[in-house]
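Here the structure is laid out as structure tokens; the discussion comes afterwards.
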Amino acid sequence: MHSIRRATKIRYVSVLLFAVCVLGIQAQRGNTKIDSFLRAMPTFANIDGARAAFQAAKFTESERAQLRDALNNPIYTPQITRLAATITKTTFPSKPARTTVASRLAAEVSRIDALNKKLLGQLEGSKPSGTTSSGSDAPPRILSLSQNTIEPGQYLTIRGTGFLPEGRILWTLGSKTVPGWPERWTDDLILVKLTNVQGIPDSPRSKVSICDRNYQPLTSTPIHFIPTWSFSEIYSDSLVPISHPYNTAAALIQYFLDPRSEWCSTYSMRFPTVPSYSLLNGWAIDELDYTCDLIYRTELGPGENDGAYTGWTSLPRQTQGELCQGVLMPGPITCVVTLKGPLGLPYK
């Protein structure tokens with residue numbers, strides 16, 4: 001008797017669940033607003049017409065979810081692509097142009113020229129130094145330098161006492177020594193310019209020495225050697241979204257709700273042309289940027305537009321924020337990394 005009642009109850013529950021499912025499917029299939037919009041897709045002349053129809057339908061949040069699921073059917077992809085192509089290009093502002101390697105190099109040359117011009121101007125406006133020896137047998141003594149750093153092509157003034165008779169200047173730059181060629185030598189001032197040396201890394205523990213004519217050091221003082229900077233660009237189009245991958249149907253509905261909205265994802269990346277993510281010989285990231293020829297704006301998320309990667313001595317394996325694009329204008333994204341390092345030394 002109990003088994004008959006249990007079987008009857010199970011049949012009743014099964015019939016009830018089946019009826020609910022059937023009614024749900026019929027309700028979904030019978031949503032005239034969704035069906036009407038889908039049938040009208042080929043008739044929309046442009047994205048504005050499609051958006052107007054979407055707004056007029058006043059879809060609920062649940063209906064928007066059903067519409068998105070329906071639009072995920074590949075048969076609607078050509079229509080979505082066609083409509084996306086009619087978006088006015090001025091919807092998104094143009095992305096500022098990246099600073100080129102050539103302009104970076106030119107800026108470095110201009111900076112050194114400006115420093116030299118300032119130093120020489122100060123030297124011309126100062127009281128002339130003594131040109132004869134004080135007659136003392138005391139060894140030369142360095143009292144001050146015009147700056148605590150030296151770069152290739154930059155002038156340095158050395159002030160002190162007992163510099164005569166004239167001798168030689170020797171630079172010790174890291175593990176290398178380089179002769180200097182003074183342009184002015186008096187008893188209390190030496191003006192010398194470092195030649196355009198390369199292949200030497202940044203060396204804080206360098207020094208400049210006053211030597212006799214046989215390059216035997218008489219006195220020296222510490223100075224920080226900063227190399228001529230070289231720049232190189234590496235590219236990676238091996239990017240894969242690791243959060244919120246692009247979905248055409250969802251992007252279309254997001255556009256209908258707000259044409260100026262963006263689609264944001266976090267990306268992981270590879271750099272196939274670089275054997276190791278670690279950069280060698282003092283090279284570091286100067287700028288990390290993203291480019292895309294098929295969209296009109298790319299924007300990094302919080303923390304990435306303000307030089308978050310500048311100074312890194314290894315390449316990032318994934319972005320630390322979100323990369324955002326125009327919601328219906330996605331395209332192949334390229335990560336462009338500008339590297340800065342000592343001229344004459346490789347980064348890999």
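Structure summary
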quantity	calculated
Qualifying positions in segment 248-267 - of a type in the set (Val, Ile, Thr) and either in the same structural domain as Asp69 (by TED's automatic domain parsing) or touching a His at 6+ places or on another chain (Cβ under 9 Å) (or both)	Thr266
Those residues of segment 229-266 which are within 30 Å of Asn196 (Cα to Cα) and among the aliphatic types (A, V, I, L, M), in sequence order	Ile234
When residues of segment 275-296 are limited to those that are at pLDDT below 85 and among the β-branched types (Val, Ile, Thr), the one farthest from the chain's Cα centre (by Cα)	Ile295
Single residue of Ile112, Ile142 found to be over 20 Å from Gly341 (Cβ atoms) and either assigned by TED's automatic domain parsing to the domain that holds Thr313 or of a type outside the set (Lys, Arg) (or both)	Ile142
Count of segment 319-338 residues which are under 26 Å from Arg104 (Cβ atoms) and either surrounded by fewer than 19 Cβ atoms within 10 Å (Cβ to Cβ) or in the same structural domain as Pro201 (by TED's automatic domain parsing) (or both)	5
Selected residue (criterion: nearest to Cys292 (Cα to Cα)) from residues of segment 90-121 that are at pLDDT below 75 and surrounded by 11 or more Cβ atoms within 10 Å (Cβ to Cβ)	Lys95
Residue list for segment 253-284, restricted to those being among the aromatic types (Phe, Trp, Tyr) and either out of contact with any helix residue (DSSP H, G or I) (no Cβ under 8 Å at 6 or more places or on another chain) or part of a strand (DSSP E or B) (or both)	Trp263, Tyr267, Phe271, Tyr277, Trp283
Residues satisfying the stated conditions in segment 33-72, i.e. under 14 Å from Leu257 (Cβ atoms), surrounded by 13 or more Cβ atoms within 10 Å (Cβ to Cβ) and not hydrophobic (A, V, I, L, M, F, W, C)	Arg51, Glu63, Arg64, Arg68
Only one of Arg205, Arg213, Arg260 that is over 28 Å from Gly167 (Cα atoms), surrounded by fewer than 19 Cβ atoms within 10 Å (Cβ to Cβ) and basic (Lys, Arg)	Arg260
Segment 156-182, residues that are in a strand (DSSP E or B), more than 16 Å from Leu145 (Cβ to Cβ) and in contact (Cβ under 8 Å) with a residue 24 or more places away in the chain	Arg168, Lys176, Pro179
Search result, residues across segment 218-248 that are at pLDDT below 95 and either more than 23 Å from the chain's Cα centre (by Cα) or more than 30 Å from Pro272 (Cβ to Cβ) (or both)	Asn247, Thr248
Top-ranked residue in segment 218-252 [being of a type in the set (Ser, Thr, Tyr) and in a loop (DSSP other than H, G, I, E, B); ranked as farthest from Arg98 (Cα to Cα)]	Tyr246
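The values are calculated or read from the model by the stated rules, or taken from the named source; none is laboratory data. These figures come from a predicted structure and were not determined experimentally. Please note: Cβ atoms are built from the backbone with ideal geometry, for glycine as well, and neighbour counts cover all protein chains shown.
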